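The block underneath contains the structure these notes are about, expressed in structure tokens.
Every number here is computed from the coordinates shown, using simple stated rules; none is lab data. The structure presented is a predicted model; accordingly, all values stated were derived computationally and were not measured.
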Amino acid sequence: MSDPLIKRAREGSSDAFSRLVADHQQAVRAFVRRLCAVPDDADDLAQEAFVTAWTNLHKLREGVAFKTFVCGIAYRKALNDRKRFNRSGARDTEWSGLQDQSRSSTVDARLTVHAALQTLPIDQRAAISLCVAADYSHAEAADILGLPLGTIKSHILKGRARLNALLGVPDDQ
């Protein structure tokens with residue numbers, strides 16, 4: 001392993017791992033905040049991702065950046081959180097007999113980017129968050145999300161088109 005911090009962390013150094021966390025926690029938290037159904041859950045999910053990374057550090061492949069490794073874990077945790085949130089919402093809706101208001105046919109012209117992002121499927125939101133907001137390459141996003149490169153490109157294209165439509169931005173294509 002070329003990164004001495006990773007090597008020391010794999011050998012059991014909690015100080016080395018703490019340094020890895022300190023170096024990457026802001027980027028991981030920012031990524032998770034864009035994915036969470038409830039933004040307040042982002043810090044907890046990011047922390048869970050780092051704990052999982054610590055216990056699975058032996059699975060980090062040569063040539064894969066630590067930040068990429070942790071973002072991939074965080075993505076999977078956010079997917080699970082989204083499923084839990086959707087199940088809970090479905091139960092609440094069924095219980096109260098209310099109709100789901102999330103599919104409103106009109107979108108306010110002042111819709112915030114964050115609110116617009118929340119309307120995208122989580123895989124599109126993740127691709128947009130990584131490549132547009134966090135400046136990852138398409139290939140890096142494919143590694144993090146465990147998706148083919150073509151799928152990432154498709155998610156970004158469709159996600160941007162949807163965001164442009166929601167935000168009233170003319171399509172330049």
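Backbone phi angles across segment 46-53, fed through the Karplus curve with coefficients 6.51, -1.76 and 1.60 (θ = phi - 60°), yield HN-Hα couplings of 5, 4, 4, 5, 5, 5, 5, 4 Hz in residue order; Gly and Pro are listed as x.
Only lysines eight or more places from K67 in sequence, or on another chain, were considered; those with a Cα closer than 19 Å are K7, K59, K77.
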